[in-house]
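K.L.:
Sharing a structure with you now.
The values are calculated or read from the model by the stated rules, or taken from the named source; none is laboratory data. The structure displayed is predicted, hence computed values, not measured ones. Neighbour counts are summed over all protein chains in view; Cβ atoms, including those assigned to glycine, are modelled from backbone coordinates with ideal geometry. Calculation scope for accessible area: heavy atoms of the full protein, side chains included, ligands and nucleic acids excluded. Shrake-Rupley method; radii C 1.70, N 1.55, O 1.52, S 1.80 Å.
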Amino acid sequence: MPTKPPLTWQKSSHSSEASSCVYLATAPDTTLRLRESDEPDVVLHTSPAALAALIATVKQDAYRSRS
């Protein structure tokens, strides 16, 4: 069985230097992986479109709560 290449994790620019940092990596199959620094072995798998929809919804809800 071929080995999978390691993922290259990038820390979110919105994460602080302390704890609770969010990391993102693109897998070879172009899906996205998300993890949190406090539990790096727990990895969420999603698609770029699904993540974009989530971010748009969060931004929209944040905008509404400020109005």
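K.L.:
Full-extension gain between Thr31 and Trp9, please, as 0.36 nm times their residue separation minus the C-alpha to C-alpha distance.
P.N.:
Contour length minus the Cα-Cα distance gives 6.6 nm.
K.L.:
At 1.4 Å probe radius, can you tell me the per residue accessible area of the chain in Å²?
P.N.:
That works out to 83 Å² for each residue.
K.L.:
Moving on. Amide H neighbours of Cys21 under 5 Å, counting only residues 5+ apart in sequence or on other chains, H built in-plane at 1.01 Å?
P.N.:
For Cys21, the qualifying residues are Ser37, Asp38.
K.L.:
Helix 48-66 versus the longest principal axis of the chain: what angle, 0 to 90°, nearest 10, using Cα atoms?
P.N.:
20
K.L.:
Roughly how many debye, to the nearest 20, is the charge dipole of the chain about its Cα centre, given +1 on each Lys and Arg Cβ, -1 on each Asp and Glu Cβ, and no other charges?
P.N.:
Using only the charged Cβ atoms, the result is roughly 280 debye.
K.L.:
Direction-averaged shadow area of the convex hull around the Cα atoms of the chain, nm²?
P.N.:
If you wrap the Cα atoms of the chain in a convex hull and average its projections, you get 5.9 nm².
K.L.:
Right, another one. Mind checking which of Leu24, Leu44, Gln60 is farthest towards the positive end of the chain's charge dipole, using Cβ charges of +1 (Lys, Arg) and -1 (Asp, Glu) about the Cα centre?
P.N.:
The residue sitting most towards the positive pole is Gln60.
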